[in-house]
Amino acid sequence: DTEVTQTPKHLVMGMTNKKSLKCEQHMGHRAMYWYKQKAKKPPELMFVYSYEKLSINESVPSRFSPECPNSSLLNLHLHALQPEDSALYLCASSQEGQGISPLHFGNGTRLTVT
Amino acid sequence: DQQVKQNSPSLSVQEGRISILNCDYTNSMFDYFLWYKKYPAEGPTFLISISSIKDKNEDGRFTVFLNKSAKHLSLHIVPSQPGDSAVYFCAASARGNQGGKLIFGQGTELSVKP
């Protein structure tokens, strides 16, 4: 069982829909991340939150909007997505920064944009 | 520019034998290396890490070797088990750089045959 919980597991949305992905961890980790992963490819970093503040945005289009309501929760708000945004969206957390301590990943949300 | 390379997309090994997964990197500033395992429909799971001050780290059946002069690391799994069949990603970062971005390789799909 993963200690990072992501909901929903699967999501199908149209290009005009607004939806949100949710992530929760109770390990006391101070850094949380959103990654995107396409089939047969490595995870691609999207956003990093450190101590509930956005510290890295990897030039992600504004149709993806992250939010960190508290140290245990991380959301990713989706609006006006494109079919090419279909992917596995992974949330991760770490005790310290990503290059200092291991990332713990959730099982992801499989997103399909129609 | 791919800073972390896994040149073998796939590897097939007989159960009970040793699996050796290889990873090369180009950035001499990298000082922290990790291996992750990923099953289909799950997030990556942290396996083992190594700091650049070491050349070997062992955890049960898993051993990571680091050759800094060759900018090469490898993951040895012995004995290999069918449950080890998964995609393995190596990752690297420059920790000294305030916890730099984690860079993933492209992954190697390991198949352990009974």
- Query: What number of residues in the range A:79-96 are under 16 Å from the mean Cα position of the chain (by Cα) and within 25 Å of B:SER51 (Cα to Cα)?
  - Reply: 4
- Scan the range B:37-66 residue by residue and report those that are hydroxyl-bearing (Ser, Thr, Tyr), outside any strand (DSSP E or B) and over 15 Å from B:CYS23 (Cβ atoms). B:TYR39
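Conditions tested, residue by residue: (1) farther than 23 Å from A:GLY108 by Cβ; (2) surrounded by fewer than 16 Cβ atoms within 10 Å (Cβ to Cβ); (3) within 11 Å of chain A (Cβ to nearest Cβ).
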position: B:PHE33; (1), (2), (3): yes, no, yes
position: B:PRO40; (1), (2), (3): no, yes, yes
position: B:HIS76; (1), (2), (3): yes, no, no
position: B:ALA86; (1), (2), (3): no, no, no
position: B:ALA91; (1), (2), (3): no, no, yes
position: B:ARG95; (1), (2), (3): yes, no, yes
position: B:LEU102; (1), (2), (3): no, no, yes
position: B:GLY105; (1), (2), (3): no, no, yes
- Filter the range A:104-114 for residues that are more than 7 Å from every other protein chain (Cβ to nearest Cβ) and either closer than 12 Å to A:TYR33 by Cβ or modelled with pLDDT of 95 or more (or both) and give the result. A:THR109, A:ARG110, A:LEU111, A:THR112, A:VAL113
- Message: Would you confirm whether or not the range A:40-59 contains a residue that is free of Cβ contacts under 8 Å to residues at least 60 places away in the same chain, assigned to a strand (DSSP E or B), more than 25 Å from B:ILE48 (Cβ to Cβ) and small (Gly, Ala, Ser)?
- Response: yes
- Residue list for the range A:24-39, restricted to those being under 28 Å from B:GLN2 (Cβ atoms) and touching a residue at least 60 places away in the same chain (Cβ under 8 Å): A:ALA31, A:MET32, A:TYR33, A:TYR35, A:GLN37
- Query: So which of B:SER69, B:SER80 is surrounded by 17 or more Cβ atoms within 10 Å (Cβ to Cβ), part of a loop (DSSP other than H, G, I, E, B) and not aliphatic (A, V, I, L, M)?
  - Reply: B:SER80
- Do you know which of the residues in the range B:54-83 that are touching an Asp or Glu at 6+ places or on another chain (Cβ under 9 Å) and among the charged types (D, E, K, R) is nearest to A:GLN37 (Cα to Cα)? B:LYS71
- Query: Restricting attention to the range A:39-54, does a residue exist that is over 22 Å from B:LYS101 (Cβ atoms) and either buried (at least 20 other Cβ atoms within 10 Å of the Cβ) or among the basic types (Lys, Arg) (or both)?
  - Reply: no
- Residue that is more than 14 Å from the chain's Cα centre (by Cα) and closer than 14 Å to A:PRO42 by Cβ, where the choices are B:GLN6, B:GLN2: B:GLN2
- Query: In the range A:60-71, which residues are touching a residue at least 12 places away in the same chain (Cβ under 8 Å) and assigned to a loop (DSSP other than H, G, I, E, B)?
  - Reply: A:VAL60, A:ARG63, A:SER71
- Could we say that A:LEU76 is within 30 Å of B:ILE48 (Cβ to Cβ), away from chain B (no Cβ under 14 Å) and either more than 10 Å from the chain's Cα centre (by Cα) or assigned to a strand (DSSP E or B) (or both) here? yes
- Failed condition for B:ASP59, given (1) surrounded by 15 or more Cβ atoms within 10 Å (Cβ to Cβ); (2) farther than 26 Å from A:THR7 by Cα; (3) within 14 Å of chain A (Cβ to nearest Cβ), with all others met? (1)
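The values are calculated or read from the model by the stated rules, or taken from the named source; none is laboratory data. On a predicted model such as this, the values are computed, not experimentally measured, just so you know. Counting neighbours? That spans all protein chains shown, and the Cβs are built from the backbone with ideal geometry, glycine included.
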